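Participant: Below is one structure. I have some questions about it.
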Amino acid sequence: MKLADVSLPGQTVVTGSLLFTAEDIIAFAKKYDPQPFHTDPEAAKNFVFGGLCASGWHTCAGWMKMFIAYWAKEHARLLAEGIEPPKLGPSPGFKKLQWLKPVYAGDTITYSVTLIESRPLMSRPGTSINLTANQGVNQKGETVLRFESTVLEFD
Amino acid sequence: MLYLEDFTPGRVLPLASCTLDAAAIIEFASEFDPQPMHLDEEAGKASILGGLAASGWHTASLFMRMMYDGWLAKSSSEGSPGIEFMEWKKPVLAGDTLSGRSTVIEARPLRSRPGLGLVKFLHEVINQNDEIVMRGENPIMFRARPADETVTAGDRA
C-alpha cells in the first residue's frame, strides 16, 4: 500500500508529545548548539529569547523522534491487519521551516504530520515523493515549529 | 566580535571542520531517528544511502556546531526565526570529514526591533571529496555594533 492510501492527504496525524527538560536542552546544546541562551539559564536572561530555550535543531530532532515512534506503531498495526506497509525512504530535505516561539525548559511539545501530496518521481521509476506539513505545538496551544518536508517512497 | 554591520553581502565565513565516526552516527540516531540505515552498517549498505549514514537532522545539528565553532561564537547572534530551505544532497557516511561555508546574501535592520537586524545566509556543507552534502538558506538575528565598541582586526572582511 502507498502512504496516500493509509494516510489521507489533508488529514493531520498527531505523532506524540515530548517534554523538554532543562537537562535535555543543555545536553543537546552543549553538543550541537552551545549558544548561551541554549546552555546557561542565567546568561539566557540577557538575550532576546529571555530564558533557557531549546536549540531549534533539538525541536526538529524531537519531531523526527516522535514521527519514527508513531511510524513503528503504524507499521506494526498495518502488518497485523494483513496490509503491506508503505516503504518510506530517506528525505531529500525541507523548506519553510519556522521556529515561531522559543521552546523553554519544561515545555511539552505535541508533534503532528499532514500529508499534502504524493507524486511519482519521473527521474527515478518506482519511486514517489511525498510532501508533508509538520508542526509542533506547546502545552499552551501555541505553534512553536512549522515546516514542510519531503520523503521518498518505494513501490 | 562580529556585529550586524560586518555581514556585508558576498562575505564568506568558513565553517569549522569535523569528522564523523560510526559511534556518533548511531548515538544520534538511537535517540532521534532510529531507522536501520542510521543504526547499522549492513542495513545502510542495503539502502539507497550506500552505507551507515547520518540522520539528516544529525547533519543539520552538526552543521550548527560547525557554524558555531567557525564564526557564530564570536558574533552578536540572537538566534534564528527559521530555515527557508535545506537540501540533503548526498549521504553523510561514517568516516566522512565535513567542512563548509556561510555566504552572506543580504542584511537589513529590523524596524520592529531597534538595534537588531536580520542577515540571510547561504550555507554549504562539503565532504572530503569536495561534494556538497547539504545546502540551505536561513536568516539569523544579530545585534548592531554598540556605539562604544571599536572595530578590531578581523571583524571587517
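Values in this text are rule-based calculations from the coordinates and carry no lab data. What you see is a predicted model, and the numbers here were worked out from it, not measured in a lab. Ideal geometry is used to build each Cβ from the backbone, glycine not excepted, and the neighbour counts take in all protein chains shown.
Participant: How big is the C-alpha Rg of chain A next to the rule-of-thumb value 2.2 N^0.38 Å, as a ratio?
Facilitator: It is 1.17.
Participant: Can you figure out the FRET efficiency of B:THR103 with A:LYS30, using R₀ = 25 Å and their beta-carbon distance, to the nearest 0.05?
Facilitator: After rounding to 0.05, the efficiency reads 0.35.
Participant: Give me, ordered by chain and number, the residues 5 or more places off A:VAL144 or on other chains with an amide H under 5 Å from its own placed amide H.
Facilitator: Amide H neighbours of A:VAL144: A:GLY136, A:VAL137, A:ASN138.
Participant: Given an 8 Å cut-off on Cα distances and at least 6 residues of separation, report the relative contact order of the range A:1-103 as a percent.
Facilitator: Relative contact order comes out at 29 percent.
Participant: Kindly give the semi-axes, whole Å and largest first, of the ellipsoid equivalent to the range A:1-70, taking each as the square root of 5 times a Cα gyration tensor eigenvalue.
Facilitator: They are 33, 12, 9 Å, listed from largest to smallest.
Participant: Which whole-number percent gives the relative contact order of chain B, counting Cα pairs below 8 Å spaced six or more residues apart?
Facilitator: Relative contact order of chain B: 30 percent.
Participant: For every helix of n ≥ 4 consecutive DSSP H residues, a contribution of -39,500 (n - 2.57) applies; sum these over chain B, divide by its total residues, and give [θ] at 222 nm rounded to the nearest 500 deg cm²/dmol.
Facilitator: Result for chain B, helices only: -6500 deg cm²/dmol.
Participant: Would you mind getting me the FRET efficiency between B:ARG11 and A:GLU81? Use the beta-carbon distance for r and R0 = 45 Å, nearest 0.05.
Facilitator: 0.20
Participant: How large is the dipole of chain B about the Cα centre if only Lys and Arg carry +1 and Asp and Glu carry -1, each at its Cβ, rounded to the nearest 20 debye?
Facilitator: 720
Participant: Mind checking B:79-90 for the average number of partner chain beta-carbons within 10 Å of each residue's beta-carbon?
Facilitator: For this peptide, the per-residue mean of nearby foreign Cβ atoms is 6.
Participant: Charges only on Cβ, +1 for Lys and Arg, -1 for Asp and Glu: so what's the dipole of the range B:4-89 about the Cα centre, in debye to the nearest 20?
Facilitator: Taking the Cα centre of the range B:4-89 as origin, the dipole is about 240 debye.
Participant: Same structure, new question: Peptide A:28-35: average number of partner chain Cβ atoms within 10 Å per residue?
Facilitator: The mean count of partner-chain Cβ atoms within 10 Å per residue comes to 6.
Participant: Pick out, from B:ILE25, B:GLY51, A:GLY126, the residue whose Cα sits farthest towards the positive end of the charge dipole of the protein assembly as shown, with +1 on the Cβ of Lys and Arg and -1 on the Cβ of Asp and Glu.
Facilitator: Working it through, the farthest residue towards the positive pole turns out to be A:GLY126.
Participant: How large is the helix-only mean residue ellipticity at 222 nm for chain A, computed as the sum of -39500 (n - 2.57) over DSSP H runs with n ≥ 4, divided by its residue count, in deg cm²/dmol to the nearest 500?
Facilitator: So the helix-based figure for chain A works out to -9000 deg cm²/dmol.
Participant: A further question on this structure: Once the protein assembly as shown is represented by equal point scatterers at the alpha-carbon sites, with solvent omitted, what log10 I(q)/I(0) does the Debye formula produce at q = 0.07, 0.08, 0.13, 0.15 Å⁻¹?
Facilitator: With no solvent term, the Cα-only Debye profile gives -0.28, -0.37, -0.97, -1.28.
Participant: Which whole number gives the average count of other chain Cβ atoms within 10 Å of the Cβ atoms across peptide B:33-40?
Facilitator: 3
Participant: Using the Cα centre of the range A:3-154 as the reference point, and only Cβ charges (+1 on K/R, -1 on D/E), how large is the resulting charge dipole? Debye, rounded to the nearest 20.
Facilitator: Dipole of the range A:3-154, to the nearest 20 debye: 240 debye.
Participant: Could you tell me how far the Cα centroid of the range B:38-101 sits from the Cα centroid of the range A:9-82, in Å?
Facilitator: After rounding, the separation between the Cα centres reads 17 Å.
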